[in-house]
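Presented below is the structure to which this report refers.
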Amino acid sequence: MSFSTINPTTGQTEKSFEAHTHDEVNERLQKAHNAFQTYRFTTFDERARHLITTAELFEGELPDIAKMVTSEMGKTFAAAKGEVAKCAMALRWFAEHAERLLADEPIKTNATRSYVHYQPIGPVLAIMPWNFPLWQVIRFIAPALMVGNVGLLKHASNVPQTAWFLEEVFRRGGLPEGCFTNLFVSSKDVAAVIEDPRIVAVTLTGSEPAGMSVAATAGHALKKTVLELGGSDPFIVLASADLDKAVSTAVTARVQNNGQSCIAAKRFIVVEPIADEFLSRFTQAMAALKVGDPLDPATDVGPIVTEAQREELLLQVESAKLQGATVHGGGTIIDGPGWFFQPTVLSGVTKDMAVAQQELFGPVAIVERVADLDEAIVMANSTTFGLGSSVWTQDEAEQRRCIEEIEAGAVFVNAMVASTPELPFGGIKRSGYGRELSQLGLKEFCNAKTVWIA
């Protein structure tokens, strides 16, 4: 078996890597286990130096790294450069703040002294997706390394160059051998890696079926998991919203990463008094987007990651049409090389349609009308997902209600959903559990040890 880069812009295979054999996987697991025995006792300063040196490599090689990412999964070159820069920023942030965030926490008790002491737990397996092939990994491994854990990566099979690069760039950053290891293994072989006693915990970003499978395997082995799964984020626009900003941000929020982001806005819930104007302006803005070569600076939307993913998106749109939804422009694939799809807006989607409960992974938006804020919140909460949400209103009372009542891991007011190292990232309901980033993410894979001194 091999893992190949198939450029979604051309459909051509560019590079392939052979899968690791059983013996090679075992060797890499053992190196990670051995590395942890020493790395766990390194100082925060030592760990930070590795991260900062790696950040410098990201910054110094930014255009080449970004081009590699674009060739593997199709995001625009501008977006890829932004992802590389964000990775460097996060490496620096955790290098700078981890020691303070993991400091002993004194707790007043009857003891002479009592406190919580945070310690690493061991090798953690990360199962990561293709859509942010650098960032998803960095937001796991940067805090993991600063805690004193070591990491192993099973990346998506269509981004093998990125997987290989990530191990190499940390090696060049001075990280000791075995502290961050790439595994070229198939999905069917992941269970055996999870069950291996040298792995102590698992984190996954991916689909619901993948999350259920990983959680079941890890649960059977009594190993902790963090899951970040799908999303169908609502973008609520209320009557007091700044409509110019809401429309322009709505377009960006829907088509970021070619529409293939778990936290991309997917359902645009608009109150009746402004619904017609929003739909008209939003549809025009979506139609004006340039779809094409992601290396072209003028391109707004690149290709869908694979032909199969594009076919799935087309089937979702066609199903919605058959069930009575209205298509406002787009709705079809673009003929020619590569896997391009026209930006599309759907309206008239009802709760009994399949698309109302599905995640649309591509440049397809649903615009839904509601009478008021009460209906907007009900509709926002009507899916099984609960990752992010965006609310547009100038009314503080409406803002507070949305913050309190929307079922999601994040509420962004008058802004699109984003991730940043300072704040926790994760979802509820079928969008997963646990948190990445921030102090909470740092402590997900820690032993919070109680210390009592009589």
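The values are calculated or read from the model by the stated rules, or taken from the named source; none is laboratory data. Everything quoted here is computed from the prediction, not taken from an experiment. Here Cβ is always computed from backbone atoms with ideal geometry, including for glycine, and neighbour counts include all displayed protein chains. What goes into the accessible areas is simple: the full protein's heavy atoms, side chains included, and nothing from ligands, DNA or RNA. Shrake-Rupley method; radii C 1.70, N 1.55, O 1.52, S 1.80 Å.
Which of rounded, prolate, oblate describes the stretch 6-95, given a ≥ b ≥ c as roots of the alpha-carbon gyration tensor eigenvalues and a/c under 1.5 marking rounded, otherwise prolate only if a/b is larger than b/c?
In terms of gyration-tensor shape, oblate.
If you take every DSSP beta bridge fully contained in the stretch 325-454, what fraction is antiparallel? Give it as a percent rounded to 5.
Given both bridge residues lie in the stretch 325-454, the antiparallel proportion sits at roughly 45 percent.
So what is the relative contact order of the stretch 290-431, in percent, for Cα pairs below 8 Å that sit 6 or more residues apart?
16 percent
Taking the Cα centre of the stretch 186-290 as the origin, how large is its charge dipole in debye, to the nearest 20, when only Lys and Arg (+1) and Asp and Glu (-1) carry charge on their Cβ atoms?
The dipole magnitude comes to about 280 debye.
What FRET efficiency would be calculated for the residue pair L423, L322, taking the C-beta separation as r and a Förster radius of 45 Å, to the nearest 0.05?
Working: r = 41 Å, r/R0 = 0.91.
Step by step, r from the Cβ atoms, then E = 0.65.
Extension gain K108-E195, at 0.36 nm per residue separation less the Cα-Cα distance, in nm? Working shown, then result.
Details: separation 87, 0.36 × 87 = 31.32 nm, distance 3.94 nm.
Between K108 and E195, full extension yields 27.4 nm more.
In what order, largest first, do R139, R172 sit by accessible area if the probe radius is 1.4 Å?
Details: R139 10, R172 105 Å².
My answer, sorted largest first, is R172, R139.
Counting DSSP beta bridges in the chain, what percent are antiparallel, to the nearest 5?
Around 35 percent antiparallel, to the nearest 5.
Calculate the dipole size of the stretch 102-249 relative to its Cα centre from +1 charges on Lys and Arg beta carbons and -1 charges on Asp and Glu beta carbons; express the result in debye to the nearest 20.
Details: 11 positive and 13 negative charges, 77 e Å.
It comes to approximately 380 debye.
Can you give the accessible area of R113, probe radius 1.4 Å, in Å² rounded to 10?
Taking all protein chains as shown, R113 has close to 130 Å².
7 Å from Cα along Cα→Cβ at both T38 and D374: what's the point-to-point distance in nm?
Computed distance between label sites T38 and D374 equals 6.7 nm.
Just want the answer: with Cβ charges of +1 for Lys and Arg and -1 for Asp and Glu, which residue in I199, V305, S187 is farthest toward the dipole's positive end in the chain?
Toward the positive end, the furthest listed residue is I199.
Between S16 and E177, what is 0.36 nm times their sequence separation minus the Cα-Cα distance? Round to one decimal in nm.
Result: 55.6 nm gained on full extension.
Taking Cα atoms, how many degrees apart are the long axis of helix 135-147 and the longest axis of the chain, rounded to 10 and kept between 0 and 90?
That helix lies at roughly 30 degrees to the long axis.
What does the charge add up to near S157, with Lys and Arg as +1, Asp and Glu as -1, over the other residues with Cβ less than 15 Å from its Cβ?
-2
Quick one: if the Förster radius is 41 Å, what FRET efficiency do Q30 and A78 give, using the C-beta to C-beta distance and rounding to 0.05? The partial results should precede the final answer.
Working: r = 42 Å, r/R0 = 1.02.
Between Q30 and A78 the formula returns 0.50.
I need the shape label for the stretch 84-144. Rule: rounded when a/c is under 1.5, else prolate if a/b > b/c, else oblate, with a, b, c from the alpha carbon gyration tensor. Working shown, then result.
Working: a/c = 4.39, a/b = 2.26, b/c = 1.94.
Prolate, since a/c reaches 1.5 and a/b exceeds b/c.
Rg/Rh for the stretch 227-279 to two decimals, with Rh computed the Kirkwood way over all alpha-carbon pairs.
Rounded to two decimals, Rg/Rh equals 1.02.
How much FRET efficiency would the formula 1/(1 + (r/R0)^6) give for S280 and T384, where r is the Cβ-Cβ distance and R0 is 35 Å, rounded to 0.05?
With a Förster radius of 35 Å, E is 0.70.
Among G60, Q37, T13, pick out the residue whose Cα is farthest towards the positive end of the charge dipole of the stretch 13-63, where Lys and Arg carry +1 and Asp and Glu carry -1 on C-beta, about the Cα centre.
Sorting the options by dipole projection puts first Q37.
Percent relative contact order of the stretch 225-307, based on C-alpha pairs within less than 8 angstrom and at least six residues apart?
30 percent
Note the angle between two axes, namely the Cα long axis of helix 22-39 and the longest principal axis of the Cα atoms of the chain, as a number of degrees from 0 to 90, rounded to the nearest 10.
Here the helix axis deviates by roughly 70 degrees.
Order the peptides 153-164, 24-35 from the highest to the lowest mean number of other Cβ atoms within 10 Å of their residues.
Result, highest mean Cβ count within 10 Å first: 153-164, 24-35.
List, in the order given, every pair from K67/K266; K86/K223; K86/K224; K81/K266; K224/K443 whose Cα-Cα distance in the structure shown is over 21 Å.
Pairs exceeding the cut-off: K67/K266; K86/K223; K86/K224; K81/K266.
Rounding to the nearest 20 debye, state how big the charge dipole of the chain is about its Cα centre with +1 on each Lys and Arg Cβ and -1 on each Asp and Glu Cβ.
1100 debye
Once you place label points 7 Å from the Cα toward the Cβ at E59 and E272, how far apart are they in nm?
Once both label points are built, they end up 5.5 nm from each other.
Quick one, which of (i) 74, 60, 45; (ii) 66, 59, 41; (iii) 80, 49, 43 is the actual Cα extents along the principal axes in Å calculated for this model?
(ii)
Given a cut-off of under 8 Å on Cα pairs at least six residues apart, what relative contact order in percent is computed for the chain?
Result for the chain is 19 percent.
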